Amino acid sequence: MGRNKFAQDEIKEIAKLLRLKNAGTRAKQKLVRHDLRTIYEFNISDFNKPGKAFGEADLQDAIDRGAIQILDDATIADMKAKRARDKARDEAERERKAIESGEMTDWKASAKEWEEWEKSQGSK
């Protein structure tokens, strides 16, 4: 599930992308949906009825019924920063567990060993 809280500027950009999606070819629609998911964390499926095209009017309807909230820019920036911190923490934890279980090599330690080896070779 993506976000349901956006800044007013983001809503304007999402509406613009939805207009492009509905006017584009299948390939263009796929690219626009990708941008919506990756840039804005906006998943059409979170707000849409299956099998129905989701457009700008549907976006406004979702705002009107409270499924999408519009917040100020500072709150959205804080929310994005927290999500980024949480994502980094979760990724570090996954990496640590994978290294402990042997599923993954500790590439940071390997890179450090390599740099030390290069330095020792340079002094010879």
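Under 14 Å from the Cβ of His34, count the other residues' Cβ atoms, weight Lys and Arg +1, Asp and Glu -1, and hand me the total.
Residues near His34 contribute +4 overall.
List the trypsin sites (Lys or Arg not before Pro) in the range 1-77 that DSSP assigns to loop (not H, G, I, E or B) and whose Cβ has at most 15 other Cβ atoms within 10 Å. Which are they?
In loop regions of the range 1-77 (DSSP not H, G, I, E or B), the sparsely surrounded trypsin sites (Lys or Arg not before Pro) are Lys52, Arg65.
How much of the accessible area of the range 9-97, in percent, comes from carbon and sulfur atoms when a 1.4 Å probe is used?
Its accessible area is 52 percent carbon and sulfur atoms.
Note down the accessible area of Thr38, probe 1.4 Å, to the nearest 10 Å².
Accessible surface of Thr38 is approximately 80 Å².
Quick one: plug the Kirkwood hydrodynamic radius of the chain (C-alpha pairs) into Stokes-Einstein at 4 °C, 1.567 mPa s, and report D in µm²/s.
Reported coefficient: 73 µm²/s.
Net charge around Leu17, counting only other residues with Cβ within less than 11 Å of its Cβ (Lys, Arg = +1; Asp, Glu = -1)?
The answer is +3.
In whole Hz, what ³J(HN,Hα) sequence does the range 22-38 give by Karplus (6.51, -1.76, 1.60; θ = phi - 60°), x for Gly and Pro?
Per residue, the Karplus-derived 3J(HN,Hα) values read 6, 8, x, 6, 4, 5, 5, 4, 5, 5, 5, 4, 4, 4, 4, 6, 7 Hz.
Can you pull the Kirkwood radius for the range 5-71, inverse mean 1/r over Cα pairs, to one decimal in Å?
After inverting the pairwise mean of 1/r, the radius is 11.9 Å.
Rounded, prolate or oblate for the range 40-99? Axes are the square roots of the Cα gyration tensor eigenvalues, ordered a ≥ b ≥ c, and the cut-off for rounded is a/c under 1.5.
Oblate, because a/c is 1.5 or more while a/b does not exceed b/c.
Taking only protein heavy atoms into account and a 1.4 Å probe, give the accessible area per residue of the range 14-124 in Å².
75 Å²
The values are calculated or read from the model by the stated rules, or taken from the named source; none is laboratory data. All of these numbers come straight from a predicted model, not from anything done at the bench. Cβ atoms come from the backbone with ideal geometry, glycine included; neighbour counts cover every protein chain shown. We work out accessible area using only protein heavy atoms, side chains counted, and drop any ligands, DNA or RNA first. Shrake-Rupley method; radii C 1.70, N 1.55, O 1.52, S 1.80 Å.
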